[in-house]
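Trainee: Got a structure for you, written out below as structure tokens; questions coming shortly.
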Amino acid sequence: MRQETTSPHRAAYMQAMVDLAFERDYEEVTIEEIAARAGGTVEDFEAAFGSKEDCALTLVEEGWVENMRLVRGAFDAEERWPDSLRAAAYAHARWLVENPRLAHFGINELLRAGEKANVLREQIINSYLEMVEAGREFAEAPDSVPASTAESVVGAIAGLMARNSERSEPRDPVAAVPEMMYLAVRPYLGEEAARRELTIPPPND
């Protein structure tokens, strides 16, 4: 990513991109529209970011850093898995609730934001794979758990989140955590432990 210059409209450009991409497809959004929405100019935008893709990458990368700070902090605060994964899942769900448009941009629009975005997306996915795969250490027979388990779990959870967001009345991400935990715990700890996840209430904080 190119070196950015300081612009008083930097944050406004990123917010304008998020809002415009929420209103219609990312690919249809132009730099001219972003600059106008933010109260800046095309020249200033290009000096700050260089391109629409670089702005998108900066936006998602900064959002991801904040998301990971909260999620990984919650994960590391618990000594055992799946308590650690559950804490991380609730931290992530609450971040989604607090940042719905940025989450929409990152989950949906970044998929079409170019090759450099693919690299960033892989980094994000790998961070979540690591937290899921930590369950192998607590499995009764770790070697019997297929190597691809974490990828399958993350894929299933991503599919669940996508279906929830496409409902006529989108489901609260926090309410979906027990079902996501069931999907994550079952391959590592078995059906009984997975079913317990469906009955554990969210933390109070």
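Trainee: At a 10 Å Cβ-Cβ cut-off, how would you order LEU59, LEU183, LEU198, fewest neighbours first?
Mentor: Numbers: LEU59 23, LEU183 19, LEU198 11.
Ascending number of Cβ neighbours within 10 Å: LEU198, LEU183, LEU59.
Trainee: Using a Förster radius of 45 Å, what is the FRET efficiency between LEU198 and GLU61 based on their Cβ-Cβ separation? Nearest 0.05, please. Don't skip to the end; give the middle numbers.
Mentor: Values: r = 35 Å, r/R0 = 0.77.
Efficiency for this residue pair is about 0.85.
Trainee: Here is a follow-up. Would you work out the relative contact order for the chain, in percent, from Cα pairs under 8 angstrom that are 6 or more residues apart?
Mentor: Working: 198 pairs, mean separation 37.0, N = 205.
It comes to 18 percent, rounded to a whole number.
Trainee: Return the calculated 222 nm mean residue ellipticity for the chain, to the nearest 500 deg cm²/dmol, obtained by summing -39500 (n - 2.57) across DSSP H runs with n ≥ 4 and dividing by the residue count.
Mentor: Numbers: 10 runs with 133 residues, N = 205.
Here the helix-only value at 222 nm equals -20500 deg cm²/dmol.
Trainee: From the residues ALA193, MET180, ASN118, which one has its Cα farthest along the dipole of the range 87-205 in the positive direction, the dipole being from +1 and -1 charges on Cβ of Lys/Arg and Asp/Glu about the Cα centre?
Mentor: Selected residue: ASN118.
Trainee: Given a Förster distance of 41 Å, report the FRET efficiency between ARG167 and ALA147 from their Cβ-Cβ distance, rounded to the nearest 0.05.
Mentor: Working: r = 33 Å, r/R0 = 0.81.
The computed FRET efficiency comes out at 0.75.
Trainee: Take the Cα radius of gyration of the range 1-50 and divide it by 2.2 N^0.38 Å, with N its residue count; two decimals is plenty.
Mentor: 1.05
Trainee: I'd like the trypsin sites (Lys or Arg not before Pro) in the range 10-61 restricted to DSSP loop residues with at most 11 other Cβ atoms within 10 Å, sorted by number. Mind showing how you got there, number by number?
Mentor: Numbers: sites: ARG10, ARG24, ARG37, LYS52; in loops: ARG24.
Within the range 10-61, the qualifying trypsin sites (Lys or Arg not before Pro) (loop, at most 11 other Cβ atoms within 10 Å) are ARG24.
Trainee: Take the Cα atoms of the range 1-107, find their three principal axes, and give me the spread along each one in whole Å, biggest first.
Mentor: Computed over the range 1-107, the largest-to-smallest principal extents equal 52, 29, 19 Å.
Trainee: Subtracting the Cα-Cα distance from 0.36 nm times the residue separation, let me have the gained length for ARG72 to GLU28 in nm, one decimal. Present the calculation step by step, with values, prior to reporting the outcome.
Mentor: Values: separation 44, 0.36 × 44 = 15.84 nm, distance 3.44 nm.
So the chain would gain 12.4 nm between ARG72 and GLU28.
Trainee: I want to check the label-to-label distance for SER51 and SER127. Put each point 7 Å from Cα in the C-beta direction and report it in nm to one decimal.
Mentor: Taking the simple label geometry, SER51 and SER127 are separated by 2.4 nm.
Since every read-out is calculated from the coordinates, none of them should be taken as a lab result. This one's a predicted model, so the numbers in the text were calculated from it and none came from an experiment. Note that we place each Cβ from the backbone using ideal geometry, even for glycine, and neighbour counts take in every protein chain shown.
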